[in-house]
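A.B. asks: Questions regarding the structure given below will be posed in turn.
The values are calculated or read from the model by the stated rules, or taken from the named source; none is laboratory data. What you see is a predicted model, and the numbers here were worked out from it, not measured in a lab. Neighbour counts are summed over all protein chains in view; Cβ atoms, including those assigned to glycine, are modelled from backbone coordinates with ideal geometry. The protein model used for the area step is the full one, side chains on, heavy atoms only, and it has no ligands, DNA or RNA in it. Shrake-Rupley method; radii C 1.70, N 1.55, O 1.52, S 1.80 Å.
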Amino acid sequence: MAPGRIDYPQDVPLEHPDAAEYIPQYLHDSFPDPAGRPDPKIRDDFYGTRRKLRIGILGAGICCINFLHFAEQQLQDVEYVVYEKNEDVGGVWLTSKYPGCRCDIPSIVYQFSWRPNRFWSELYAPAAENLEYIRKVTEESGFYKYMRFQHQISKASWSDEEAMWTLSVEDMKSSRKFDDKVHVFLELNGPVSNPRLTSIRGIENFKGEVVHPAYWNEDTTVDGKRVALIGYGCSGVQIGPNIVDKVSKLYTWFRNKTYILPPPNQTYSASGGANFKYSEEQKALLADADVYLAYRKAVDDGFYRRYPYVINGSKTSQLVKDNTVKYMKEKLAHKPELLDSILPEDFDIGCRRQTFAYGYMEALTDPRTTVFTQEPKTFTEKGILDGDGNEHEIDMVIAATGYDQSHLPRFPKLVNGRSMIEEWSDMRSPPSYMALMLKSMPNYFNPSSAFGPLPQGNFYQSAEAFSKYMVKAIDKMQLDRILSVTPKDKAVDQFVRHSLAYLKRTAVMGPCVAWYKGNQSDKPPALWPGARNQFIRILETPRFEDFNIVYEDEEDMFAYFGNGWTLQDDGDPEADKTWYMGQPSKHVDQETIDRLKGTDPSVTEVVHGVASMAGMAS
């Protein structure tokens, strides 16, 4: 070996054999590091060689399907496993079978943007159609191969030493328990996946049937029964009008005051905001992709333009409030005492999630319905003790009391042995970052965590934005050879503080009980600080400067540069080496290119003074 040279060791296996051509035989032993540090070890694989990852996903609903779609488009060298506690895909659309269950926004905007469905039967499609659509997209996309149904995750533990999550999983069919190690953990079980049975005084004494809408099944019936319906959110307002003509008696009450809005999308709905079935002529129009897209955009545009109603004191806020109060007064004209008991006086529309009528007001005034103007004192063995102490016998309680929105971990999550439940239990607001990641949780994404854009749009839209963000983050982890990404404490703190400061400008900070506040009135809301379009645009560009990043080689964060050549250009002999110049708009054959050589017979003048390099010309 010549002086100043040292042998280069070639004992590292290559992920791509073609990279062997770029391994040097020796190194120049010169210019040592001024601080006496050894040189970083240059990777012998190409730039673009991805870090292989295993991704564990909890939940096979809308967000999961969105993520898999964009991940398969952009990522490579990734292994996916989806653990779903239910027997099929669909999430809330699989489990919700209660009477009247359907979209409460037009179905033509409640769908995957990349897989439109032109075959909705109604403006607000029933639950069965929503489920069938999700199943069809999953099947056509080939995503079922990743699914492990009736498998439940009971614990998740992260280890810095391994740079992996250990998921404790139970096969619910066989009761077999096992651990699965993954590099990235996505908790995609959605904001309405954990049914909440509100503490109701004396309910444990009641001897009749108690059912939450999430647990409704084909055998559940209200026919001829005396039923108490608790709740007036999305499920409650759909159930009421769909059972009032089947029960012998319906009892309900309002635990808190609320606005009940007329059906939305009046411009495109049937008379009075009613749902309708598309005619054959309309279906023929929708077969045209451009007509279908224009129609979808028109419907969604109207929804978006009315969102300023949440801004305190805005013209839109006053207009929506005036129209809503007028609507409620008209519907309850012959029951003024009921109107007085439910119409809010100290907060505006938007403080609670919008509740649209869809026939609910008519159900409240039906002769079979009794609406208590005071909350009942307690349940008894046979029924309800009302505010005056009178007992009303009932057969069944429908507890449409919503879903857990506390944002605390739903099962133990440990980071290097530290319990996240214990660390977050006393926090005023959930420690969220971008409504997608949580404090101190490496390689963890949870789009149903706090501060999401729940009232600003629909979950398909937000799930798509979340999915694209997660794919970009994982793509960077692969290409930059990153072991872990964790939101910085400073970023979490400032995101939460900014969100709460912004929300004070809006109705959601009003003194109401809302699911945005964990179904409490004494906690601030946990919602995205802005409109839907602002949310989507912001999530298009991840702020990687907000992450604590741990690299495979902590002594050289640029180790991903590799051997100086690229996998895309140099790992494939047929690759276009000059891709950066663009492509001709039409095919140009080699014969034409050859005619531009200096040896072409058409060249008659040779300019001397530029020497050739023998052996290099071709």
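A.B. asks: Going by the conditions given, is Glu464 free of Cβ contacts under 8 Å to residues at least 12 places away in the same chain, charged (D, E, K, R) and out of contact with any Leu (no Cβ under 8 Å at 6 or more places or on another chain)?
C.D. replies: Working: free of Cβ contacts under 8 Å to residues at least 12 places away in the same chain: no; charged (D, E, K, R): yes; out of contact with any Leu (no Cβ under 8 Å at 6 or more places or on another chain): yes.
So Glu464 fails the test.
A.B. asks: Considering only the stretch 173-200, state which residues are free of Cβ contacts under 8 Å to residues at least 60 places away in the same chain, in contact with a strand residue (DSSP E or B) (Cβ under 8 Å, 6 or more places away or on another chain) and of a type outside the set (Phe, Trp, Tyr). Break it down stepwise before answering.
C.D. replies: Pass one, the stretch 173-200, residues free of Cβ contacts under 8 Å to residues at least 60 places away in the same chain: 173-179, 199.
Filter again for in contact with a strand residue (DSSP E or B) (Cβ under 8 Å, 6 or more places away or on another chain), leaving 176-179.
Selection gives Arg176, Lys177, Asp179.
A.B. asks: Still on this structure: Filter the stretch 220-236 down to the residues that are modelled with pLDDT of 90 or more and open to solvent by 30 Å² or more (accessible area, probe 1.4 Å), then identify the one that is nearest to the chain's Cα centre (by Cα).
C.D. replies: So the residue we want is Thr221.
A.B. asks: Applying the selection to the stretch 514-548, what residues are farther than 30 Å from Leu483 by Cα, in a strand (DSSP E or B) and open to solvent by less than 30 Å² (accessible area, probe 1.4 Å)?
C.D. replies: Of everything in the stretch 514-548, those that are farther than 30 Å from Leu483 by Cα, in a strand (DSSP E or B) and open to solvent by less than 30 Å² (accessible area, probe 1.4 Å) turn out to be Ala514, Leu527.
A.B. asks: Being of a type outside the set (D, E, K, R), free of Cβ contacts under 8 Å to residues at least 24 places away in the same chain and surrounded by 14 or more Cβ atoms within 10 Å (Cβ to Cβ), is that true of even one residue in the stretch 329-346? Break it down stepwise before answering.
C.D. replies: Step one: of the stretch 329-346, the residues of a type outside the set (D, E, K, R) are 332-334, 336, 338-339, 341-344.
Next, only the ones that are free of Cβ contacts under 8 Å to residues at least 24 places away in the same chain stay: 333, 336, 339.
Within this subset, residues satisfying the condition of being surrounded by 14 or more Cβ atoms within 10 Å (Cβ to Cβ) are 339.
Scanning the stretch 329-346 turns up at least one residue that is of a type outside the set (D, E, K, R), free of Cβ contacts under 8 Å to residues at least 24 places away in the same chain and surrounded by 14 or more Cβ atoms within 10 Å (Cβ to Cβ).
A.B. asks: For the stretch 11-28, how many residues meet the condition of being acidic (Asp, Glu) and surrounded by fewer than 12 Cβ atoms within 10 Å (Cβ to Cβ)? Before the answer, list the steps.
C.D. replies: If we filter the stretch 11-28 for residues that are acidic (Asp, Glu), which is where we start, we get 11, 15, 18, 21.
Narrowing the set further to residues that are surrounded by fewer than 12 Cβ atoms within 10 Å (Cβ to Cβ) leaves 11, 21.
The number of residues fulfilling the criteria is 2.
A.B. asks: With the checklist (1) assigned to a loop (DSSP other than H, G, I, E, B); (2) under 19 Å from the mean Cα position of the chain (by Cα) in hand, flag the one item Leu197 doesn't pass.
C.D. replies: (2)
A.B. asks: Cβ contacts < 8 Å: first residue assigned to a helix (DSSP H, G or I), restricted to the stretch 416-445; second residue open to solvent by less than 10 Å² (accessible area, probe 1.4 Å) and of a type in the set (D, E, K, R), any location; separation 6+ or different chain. Result?
C.D. replies: What qualifies is Met420/Lys413; Ile421/Lys413.
A.B. asks: Could you please give the count of residues in the stretch 244-268 that are under 21 Å from Val211 (Cα atoms), touching a strand residue (DSSP E or B) at 6+ places or on another chain (Cβ under 7 Å) and either among the hydrophobic types (A, V, I, L, M, F, W, C) or open to solvent by 30 Å² or more (accessible area, probe 1.4 Å) (or both)? Lay out the reasoning, then the answer.
C.D. replies: First, pick out the residues of the stretch 244-268 that are under 21 Å from Val211 (Cα atoms): 244-255.
Now drop any that are not touching a strand residue (DSSP E or B) at 6+ places or on another chain (Cβ under 7 Å), which leaves 244, 247-253.
If we keep only those that are either among the hydrophobic types (A, V, I, L, M, F, W, C) or open to solvent by 30 Å² or more (accessible area, probe 1.4 Å) (or both) as well, we get 244, 247-250, 253.
Looking only at that region, the number is 6.
A.B. asks: What tally of residues in the stretch 288-310 results from selecting those that are in contact with a strand residue (DSSP E or B) (Cβ under 9 Å, 6 or more places away or on another chain) and open to solvent by 60 Å² or more (accessible area, probe 1.4 Å)? First the steps, then the outcome.
C.D. replies: So the first thing to find is which residues in the stretch 288-310 are in contact with a strand residue (DSSP E or B) (Cβ under 9 Å, 6 or more places away or on another chain), and the list is 310.
Keeping just the survivors that are open to solvent by 60 Å² or more (accessible area, probe 1.4 Å) gives none.
Adding up the residues that qualify gives 0.
A.B. asks: Can you tell me which condition Pro511 does not meet? The list is (1) under 14 Å from Ala526 (Cα atoms); (2) surrounded by fewer than 21 Cβ atoms within 10 Å (Cβ to Cβ); (3) modelled with pLDDT under 95, and all the others hold.
C.D. replies: (1)
A.B. asks: When the stretch 383-420 is examined, which residues are found to be closer than 19 Å to Asn443 by Cβ and open to solvent by 50 Å² or more (accessible area, probe 1.4 Å)? So that I can check it myself, show each step before the final result.
C.D. replies: Restricting attention to the stretch 383-420, the residues satisfying the condition of being closer than 19 Å to Asn443 by Cβ are 409-420.
Within the stretch 383-420, Arg410, Pro412, Asn416, Gly417, Arg418 meet the criteria.
A.B. asks: Considering the stretch 82-106 alone, what residues qualify as being of a type in the set (Phe, Trp, Tyr) and touching a residue at least 60 places away in the same chain (Cβ under 8 Å)? First the steps, then the outcome.
C.D. replies: Taking the stretch 82-106 and keeping what is of a type in the set (Phe, Trp, Tyr), we get 83, 93, 98.
Answer for the stretch 82-106, where residues must be of a type in the set (Phe, Trp, Tyr) and touching a residue at least 60 places away in the same chain (Cβ under 8 Å): Tyr83, Tyr98.
A.B. asks: Let me ask something else about it. If Val485 passes every condition in (1) open to solvent by less than 10 Å² (accessible area, probe 1.4 Å); (2) farther than 17 Å from Phe70 by Cβ; (3) β-branched (Val, Ile, Thr); (4) assigned to a helix (DSSP H, G or I) but one, which one does it miss?
C.D. replies: Among (1) open to solvent by less than 10 Å² (accessible area, probe 1.4 Å); (2) farther than 17 Å from Phe70 by Cβ; (3) β-branched (Val, Ile, Thr); (4) assigned to a helix (DSSP H, G or I), Val485 violates only (4).
A.B. asks: Next question. For the stretch 351-389, which positions are modelled with pLDDT of 90 or more, part of a loop (DSSP other than H, G, I, E, B) and of a type in the set (Gly, Ala, Ser)?
C.D. replies: The answer is Gly387, Gly389.
A.B. asks: Under 6 Å between Cβ atoms, at least 6 apart or on separate chains: pull out the pairs that start in the stretch 473-484 with a residue that is touching a residue at least 60 places away in the same chain (Cβ under 8 Å) and closer than 18 Å to Phe46 by Cβ and end on any residue that is of a type in the set (Val, Ile, Thr) and surrounded by fewer than 19 Cβ atoms within 10 Å (Cβ to Cβ).
C.D. replies: These pairs meet every condition: Ile482/Ile549.
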